[in-house]
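The values are calculated or read from the model by the stated rules, or taken from the named source; none is laboratory data. The model shown is predicted, which means the values in this text are computed figures rather than measured ones. When we count neighbours, we look across all protein chains shown, and the Cβ atoms used for this are built from the backbone with ideal geometry, even at glycine. These area figures cover heavy atoms from the full protein model, side chains too; ligands, DNA and RNA do not enter into them. Shrake-Rupley method; radii C 1.70, N 1.55, O 1.52, S 1.80 Å.
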Amino acid sequence: MQYEVEQKFRLGEPAESIVVRLLKFGATAMGEVRQADHYFNHPVRDFVTTDEALRIRSVGDQNWLTWKGPKIGQKTKTRREIEPALGDGSKTAEEIGEVLTILGFRSVAVVRKIRKQFELERNGRRFEFALDSVEQVGEFLEVEVLAEKSDLESAQDALQSLCAEIGLEESSIERKSYLGLLLDGQQVDGESGE
């Protein structure tokens, strides 16, 4: 059973300076993508209350259905994630969304972002970095590593240690999801979004 161990940081400096630091630490640039995450809420249980998420993620022509379980722990956003690939094309994403709606799921919002991706192999772990520019929300850096349940504590420690080494400050950690921030109308500068 794979878990996603993640920390998200609000950017208080230009994204370019973060890129320079990541490359200095040996990270490899993996390119830039545009993502659209269409979130749904369950017909009989409120995902806000259960701390779960269900989305259709579209990146170019590719689509995935993602379920994220409740967060485990306080220092990192650690949660179980299941993300099977769907068929390609916007029609597939629309039809999966239609099936969910017919089954009683309610469309909540679509989070759109431009993501610059980086990878870093360190101490036998593969860390992923995502510099995200999220429409109506702001700019963030996500740092993620995948781990089995038996390795969660070690993975959390490794992630926190790497973030500190890179110079990412605990005061800029953001625990809310992009969806939560979008729905709250928050931006990095504190102004509400439209």
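Total residues in region 56-71 satisfying the condition of being open to solvent by less than 70 Å² (accessible area, probe 1.4 Å) and over 21 Å from Val145 (Cβ atoms): the figure is 4.
In the set (1) acidic (Asp, Glu); (2) under 24 Å from Gly73 (Cα atoms); (3) touching a residue at least 40 places away in the same chain (Cβ under 8 Å), Asp151 fails one condition alone, (3).
Annotation: Gly104 fulfils all but one of (1) modelled with pLDDT under 95; (2) more than 23 Å from Gly185 (Cβ to Cβ); the unmet one is (1).
If you check Ala130, Ala93, Ala85 for being among the small types (Gly, Ala, Ser) and either in contact with a Cys (Cβ under 6 Å, 6 or more places away or on another chain) or open to solvent by 50 Å² or more (accessible area, probe 1.4 Å) (or both), only one passes: Ala85. If you filter region 72-82 down to residues that are in contact with a strand residue (DSSP E or B) (Cβ under 7 Å, 6 or more places away or on another chain) and open to solvent by 60 Å² or more (accessible area, probe 1.4 Å), you find that the one that is modelled with the lowest pLDDT is Ile72. Of all the residues in region 1-23, those that are open to solvent by less than 40 Å² (accessible area, probe 1.4 Å) and part of a strand (DSSP E or B) number 7. Inside region 160-184, residues that are without any contact (Cβ under 8 Å) to a residue 60 or more places away in the chain, hydrophobic (A, V, I, L, M, F, W, C) and under 30 Å from Val108 (Cα atoms) make up a count of 1. Taken over region 99-127, the criterion of being open to solvent by 20 Å² or more (accessible area, probe 1.4 Å) and charged (D, E, K, R) is satisfied by Arg106, Arg112, Arg115, Lys116, Glu119, Glu121, Arg122, Arg125, Arg126.
Among the residues of region 24-54, count how many are open to solvent by less than 20 Å² (accessible area, probe 1.4 Å) and free of Cβ contacts under 8 Å to residues at least 40 places away in the same chain. Total meeting the criteria: 1. Selection of first residues in region 116-145 that are within 19 Å of Ser17 (Cβ to Cβ) and among the basic types (Lys, Arg) and of second residues that are assigned to a strand (DSSP E or B) and modelled with pLDDT of 95 or more, restricted to Cβ pairs under 7 Å at least 6 apart or on distinct chains, gives the following pairs, ordered by first then second residue: Lys116/Glu32; Lys116/Leu131. Scan region 160-173 and give yes if some residue there is among the hydrophobic types (A, V, I, L, M, F, W, C) and open to solvent by 40 Å² or more (accessible area, probe 1.4 Å), otherwise no. Yes, some residue in region 160-173 is among the hydrophobic types (A, V, I, L, M, F, W, C) and open to solvent by 40 Å² or more (accessible area, probe 1.4 Å).
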